[in-house]
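Asker: Submitted below is the structure of interest, expressed as structure tokens.
The values are calculated or read from the model by the stated rules, or taken from the named source; none is laboratory data. Given the structure is predicted, the values throughout are model-derived calculations rather than measurements. Positions of Cβ are generated from backbone atoms using ideal geometry, with glycine treated the same way; all protein chains shown enter the neighbour counts. Heavy atoms of the whole protein, side chains included, go into the accessibility calculation; ligands, DNA and RNA do not. Shrake-Rupley method; radii C 1.70, N 1.55, O 1.52, S 1.80 Å.
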Amino acid sequence: GILFAGGESWVQELAKILYEEGFPVMLVDTNYANVAEAQMEGLPADCSSILSEHVRDELDLSGIGRMLATTFNDEVNTMAVREFAHEFGRANVYQLASQYGGTGRRVSISEHLRGRKLFGEEDNHDRLALRLATGSVVKKTPLTDEFSYEDFQQRYGPTAILLFVIDEDDRLLIRTADDTKEPRAGQKVIAIVDEPLESEVEAS
């Protein structure tokens with residue numbers, strides 16, 4: 001299961017599809033409107049700081065063993081990673097790419113302090129939020145011998161962002177920037193995509 005640090009609408013879209021697949025989720029956000037919206041969507045959510053003792057000591061995190069830091073604040077994300085590395089292990093804490101991009105002087109946080117980089121090198125908070133605010137959707141797609149990952153890539157093109165893979169044993173694999181494994185038949189991929197026009201689908 002997944003603990004999400006951050007509960008904006010686009011994060012809810014990710015959490016909802018995982019929740020519907022049977023994975024425990026918990027969204028934590030200091031913004032009451034985000035929390036209320038998540039709860040109205042049927043998602044477990046709590047209005048508090050991800051860095052508070054309340055989250056570690058009082059929140060029911062049964063079934064949850066990984067943390068995804070998805071707030072707009074790089075510093076908060078990194079502090080959350082450091083905090084929950086003690087709870088879940090360093091390999092199970094993740095955060096989005098820096099808002100600043102690159103590794104120059106403007107990046108205020110050293111890479112060795114950060115969590116595993118979620119999704120892709122360029123997939124920071126603003127990019128993902130903008131995609132889902134402007135028509136892109138989070139889509140689950142089963143892969144088969146008849147519809148391979150190559151077919152998926154041809155249908156949705158280079159703008160598709162692979163987020164998660166559910167393997168044949170119903171284990172949730174979180175995509176990271178350094179992950180080069182290609183999903184295979186029998187697995188399900190969860191990705192942010194732009195739905196192709198019907199004419200494009202027919203042409204393919």
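Asker: Suppose we keep only residues that are over 17 Å from Ile174 (Cβ atoms) and more than 16 Å from the chain's Cα centre (by Cα) within segment 65-91. Which one would you say is most open to solvent (accessible area, probe 1.4 Å)?
Answerer: Looking at residues that are over 17 Å from Ile174 (Cβ atoms) and more than 16 Å from the chain's Cα centre (by Cα), I get His86.
Asker: Do you know which residues across segment 9-44 are more than 12 Å from the chain's Cα centre (by Cα), buried (at least 22 other Cβ atoms within 10 Å of the Cβ) and either assigned to a helix (DSSP H, G or I) or not aliphatic (A, V, I, L, M) (or both)?
Answerer: Asp29, Ala38
Asker: Of everything in segment 137-158 that's in a loop (DSSP other than H, G, I, E, B) and surrounded by 14 or more Cβ atoms within 10 Å (Cβ to Cβ), which residue is nearest to the chain's Cα centre (by Cα)?
Answerer: Step by step, filter segment 137-158, then rank; the result is Leu143.
Asker: Separate question: Within segment 92-103, which residues are open to solvent by 30 Å² or more (accessible area, probe 1.4 Å) and modelled with pLDDT under 90?
Answerer: Gln99, Tyr100, Gly101, Gly102, Thr103
Asker: Follow-up. Taking Ser62, is it modelled with pLDDT under 90, surrounded by fewer than 16 Cβ atoms within 10 Å (Cβ to Cβ) and in contact with a strand residue (DSSP E or B) (Cβ under 9 Å, 6 or more places away or on another chain)?
Answerer: For Ser62, the condition - modelled with pLDDT under 90, surrounded by fewer than 16 Cβ atoms within 10 Å (Cβ to Cβ) and in contact with a strand residue (DSSP E or B) (Cβ under 9 Å, 6 or more places away or on another chain) - is not met.
Asker: Can you name the residue in segment 18-49 that is touching a residue at least 12 places away in the same chain (Cβ under 8 Å) and of a type in the set (D, E, K, R) and, of all such residues, is nearest to Thr71 (Cα to Cα)?
Answerer: Here is the first cut: in segment 18-49, the ones touching a residue at least 12 places away in the same chain (Cβ under 8 Å) are 18-19, 21-32, 34-35, 37-38, 41-49.
Then drop every residue that is not of a type in the set (D, E, K, R), which leaves 21, 29, 37, 41, 46.
Working: Glu21: 23, Asp29: 9, Glu37: 16, Glu41: 19, Asp46: 15 Å.
By that ranking, first place goes to Asp29.
Asker: Something else: Going by the conditions given, is Val165 among the hydrophobic types (A, V, I, L, M, F, W, C) and either in a helix (DSSP H, G or I) or closer than 19 Å to Ala91 by Cβ (or both)?
Answerer: Criteria met by Val165.
Asker: Within segment 119-135, which residues are open to solvent by less than 80 Å² (accessible area, probe 1.4 Å) and charged (D, E, K, R)?
Answerer: Asp123, Arg131
Asker: Is segment 69-84 home to any residue that is free of Cβ contacts under 8 Å to residues at least 12 places away in the same chain and part of a helix (DSSP H, G or I)? Full working, then the answer.
Answerer: Kept after step one, since they are free of Cβ contacts under 8 Å to residues at least 12 places away in the same chain, are these residues of segment 69-84: 73.
Cutting the leftovers down to part of a helix (DSSP H, G or I) gives us none.
Checked against the condition, which is being free of Cβ contacts under 8 Å to residues at least 12 places away in the same chain and part of a helix (DSSP H, G or I), segment 69-84 yields no hits at all.
Asker: Going by what's in this entry, would Ile50 be described as closer than 17 Å to Ile190 by Cβ, open to solvent by less than 20 Å² (accessible area, probe 1.4 Å) and either over 12 Å from the mean Cα position of the chain (by Cα) or not polar (S, T, N, Q) (or both)? Give the steps one after another, and end with the answer.
Answerer: Values: closer than 17 Å to Ile190 by Cβ: no; open to solvent by less than 20 Å² (accessible area, probe 1.4 Å): yes; either over 12 Å from the mean Cα position of the chain (by Cα) or not polar (S, T, N, Q) (or both): yes.
When the stated conditions are applied, Ile50 does not pass them.
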